[in-house]
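See structure below.
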Amino acid sequence: MIGNDWDDKLSIVWNSNGFQKFYNLILKEYENKTIFPPKEHIFEALKLTSFQNTKVVIVGQDPYHGVGEAHGLSFSVQKGIKVPPSLKNIYKELESDLGIKPKEHGDLTNWAKQGVLLLNAVLTVEKDKAASHRNLGWELLTDYIIKVLNTKDEPIVFVLWGNFAKEKSSLITNEKHLIITSPHPSPFSANSGFFGSKPFSRTNAFLESQNKKTIDWSL
């Protein structure tokens, strides 16, 4: 389904009757309603960032539910689409933290190609209906992905923004990994501790301490 080592790591899920039944339900949703992201981008995060190459995980909640926005990467929107408020705040913190000027686009593909797994907990959504596919079954897969990454010998940085993402910390028990948490970058909470949390420099400092190549956060 993915085309890299995730297929092997997740084969127990792909081949289970429960997942097959759930995924067929999702595919029927695509036939009958307008669902985002486009079907070919549902697993884009896994396609761009293999298990072996994952160095950082940034956990999001749901895909964007507006036309043309979601393309399978958490917090990211396709080029030509207006940068959403949360991503604008991520860019503000990036500039404050590392001096990197915000881009006019919101496409984070360059991060994914360097080993930043931009993983939403829920991988699909109905048009204009936020959280419409929450609790249907995606969380069983995405929680399993985090559990599999937790077993990795090589240290990973897990970036958890907001209470929803912080709940995933219970799945991360390997002391080799680093967990960075803060309030969500949403305009409703960014001033409560997201700004000034320096997740980008902290991530790179940890990767450097583990003799791993750092992330070029510029886009």
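The values are calculated or read from the model by the stated rules, or taken from the named source; none is laboratory data. For clarity, every value in this text was computed on a predicted model and none was experimentally measured. A quick note on method: Cβ atoms are made from the backbone with ideal geometry, for glycine too, and the neighbour counts reach across all protein chains shown. Note: areas computed on protein heavy atoms with side chains; ligands, DNA, RNA excluded. Shrake-Rupley method; radii C 1.70, N 1.55, O 1.52, S 1.80 Å.
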Handout entry: Meets criteria (in contact with a Lys or Arg (Cβ under 6 Å, 6 or more places away or on another chain) and either under 18 Å from LYS129 (Cβ atoms) or assigned to a helix (DSSP H, G or I) (or both)) for TYR64
Key = no
Exercise for the section: Could you please find all residues in the range 150-160 being farther than 22 Å from ILE12 by Cα and either open to solvent by 40 Å² or more (accessible area, probe 1.4 Å) or in a loop (DSSP other than H, G, I, E, B) (or both)? Expected result: GLU154, PRO155, ILE156
Practice task
Report yes if LYS28 is touching a residue at least 24 places away in the same chain (Cβ under 8 Å) and either open to solvent by 50 Å² or more (accessible area, probe 1.4 Å) or not acidic (Asp, Glu) (or both), otherwise no.
Solution key: no
Practice task
Hey, could you check the range 175-202 for residues that are in contact with a Leu (Cβ under 9 Å, 6 or more places away or on another chain) and over 20 Å from LYS213 (Cα atoms) and say which is surrounded by the most Cβ atoms within 10 Å (Cβ to Cβ)?
Solution key: PRO185
Problem - Criterion: open to solvent by 30 Å² or more (accessible area, probe 1.4 Å), over 28 Å from GLN78 (Cα atoms) and modelled with pLDDT of 95 or more - qualifying residue of SER218, SER169 - result: SER169
Handout entry: Any chance LYS147 is open to solvent by 10 Å² or more (accessible area, probe 1.4 Å), closer than 22 Å to SER50 by Cβ and assigned to a helix (DSSP H, G or I)
Key = yes
Exercise for the section: Look through LEU140, LEU123, LEU136 and report the one residue that is surrounded by fewer than 18 Cβ atoms within 10 Å (Cβ to Cβ) and assigned to a loop (DSSP other than H, G, I, E, B). Expected result: LEU136
Fill in the blank from the handout: Of the residues in the range 51-74, those that are free of Cβ contacts under 8 Å to residues at least 60 places away in the same chain and surrounded by 16 or more Cβ atoms within 10 Å (Cβ to Cβ) come to GLU69, ALA70, HIS71, GLY72, LEU73, SER74
Handout entry: Considering residues of the range 84-103 that are free of Cβ contacts under 8 Å to residues at least 60 places away in the same chain and under 22 Å from PHE36 (Cβ atoms) only, the residue least open to solvent (accessible area, probe 1.4 Å)
Key = PRO84
Problem - Odd one out for ARG134, checked against (1) farther than 24 Å from TRP217 by Cα; (2) within 13 Å of the chain's Cα centre (by Cα) - result: (2)
Handout entry: Selection count, the range 108-120, where residues are in a loop (DSSP other than H, G, I, E, B) and within 13 Å of the chain's Cα centre (by Cα)
Key = 2
